[in-house]
Amino acid sequence: MRRKLVIGNLKMNGSITANQKLFAGVMAGVADLRNADYALCVPYPYLCQAQSLMQGSNVAWGAQNLCANEDAALTGAVSPAMLVDYGCTYVIVGHSERRIQLHETDDTAATRFNAAIKAGLTPVFCMGESKEERESDWTEYVVGRQLDSIIRRYGAELLTKAVLAYEPLWAVGTDIPATPEQAQEVHHFIRKRVARCNAEVAENVRILYGGSVQTENAPALFAMPDIDGALVGRCSLEAKAFVGICQAANQV
Ligand code: 13P
């Protein structure tokens, strides 16, 4: 039985003052919700704050990217070991905003995925198709290619140490979430594709849905058999909205 997992992706938002309020609100709101797991992935500068305020609570924290290299002459990069230093559990890898705006590729995402696992972090590996790709019936081709980029290189077994996320680009930041049925269809496809390599891994890997998840639509999404939680953008910036989604996960 897979436990639900709700991860907030704060993206490039927050401040020391705003985070204090957000972290406190989330910790208080989920303190008694014992049936699911919760985390916030914060911008690098706030990892120290996340660690000092949230350690000992049932809210884990993580980063939104990492560099695959260890100590290197690489200005501006952050290594896996640095994230471990700050107590991160999760790190988001291959988010569509990085793939599109920062030219991250299947190759670089796969390398980061492997580096995260080697360091003991849990990568949250993002996949998803654009609106045009969906309209051309390419969803399975695109998501399959992204998934294969890690399975081909590193094998399906590494997925026991990872979380997968389906984030259709047309639903991210748009207020047009995938319907539960649309998301379930792709989640099922992803699980089947992992099962081709290893049925046990497929049964246990958590696949999160991301893209305009709100308190209102979370229960119907979480009721789907292959949707194991959510990767939440905007609604993770306000404790009440995020806790509402966590409550929905806790109730399933
Ligand atoms: P929104 O929830 O704001 O649509 O963002 C989703 C997302 O990109 C999470 O990683």
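The values are calculated or read from the model by the stated rules, or taken from the named source; none is laboratory data. All values reported here derive from a predicted model rather than from experimental measurement. Because the Cβ atoms are built from the backbone with ideal geometry, glycine has one as well, and the counts that use them run over all protein chains shown. Areas reflect the complete protein model, heavy atoms only, side chains present, ligands, DNA and RNA absent. Shrake-Rupley method; radii C 1.70, N 1.55, O 1.52, S 1.80 Å.
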Förster radius 51 Å - calculated FRET efficiency between Glu70 and Arg34, Cβ distance, rounded to 0.05: 0.90
Label-to-label distance, nm, for residues given as Ala223 and Glu132 (7 Å Cα→Cβ offset): 3.7 nm
Rg and Dmax of the stretch 65-138, Cα atoms, in Å? 13.8, 44
So what's the gap between the Cα centers of the stretch 176-249 and the stretch 2-55, to the nearest angstrom? 18 Å
In nm², what is the average projected area of the convex hull enclosing the Cα atoms of the chain? 12.4 nm²
Normalised contact order of the chain, rounded percent, pairs of Cα under 8 Å and 6 or more residues apart: 23 percent
Where in the stretch 52-146 are there GluC sites (Glu not before Pro) that are in a DSSP coil and have at most 14 other Cβ atoms within 10 angstrom of their Cβ? Glu70
Helix-derived [θ] at 222 nm for the chain: sum -39500 (n - 2.57) over DSSP H runs of at least 4, divide by residue count, nearest 500? -13000 deg cm²/dmol
Between Tyr141 and Lys21, what is the label-to-label distance in nm when each label sits 7 Å out along the Cα-to-Cβ direction? 4.7 nm
Do any chymotrypsin sites (Phe, Trp or Tyr not before Pro) in the stretch 66-116 lie in a DSSP loop with no more than 10 other beta carbon atoms within 10 Å, and if so, which? none
Estimated FRET transfer efficiency when R0 is 51 angstrom, pair Leu102-Met1 (beta carbons, to 0.05): 0.85
Step through the residues of the stretch 14-25 one at a time and calculate ³J(HN,Hα) from phi using the Karplus curve (6.51 cos²θ - 1.76 cosθ + 1.60, θ = phi - 60°), rounding each to whole Hz and writing x for Gly and Pro. x, 7, 4, 5, 5, 5, 4, 5, 4, 4, 4, x
Which value, in Å², gives the accessible area per residue of the chain when a 1.4 Å probe is used on the protein heavy atoms? 45 Å²
Which FRET efficiency value, to the nearest 0.05, is calculated for Arg152 and Gln182 with the Förster distance at 30 angstrom and r the Cβ-Cβ distance? 0.70
Which GluC sites (Glu not before Pro) in the stretch 152-240 sit in a loop by DSSP (not H, G, I, E or B) and have at most 16 other Cβ atoms within 10 Å of their own Cβ? Glu216, Glu238
Can you pull a Stokes-Einstein diffusion coefficient for the stretch 1-77 at 4 °C (1.567 mPa s), Rh from Kirkwood over Cα pairs, as a whole number of µm²/s? 95 µm²/s
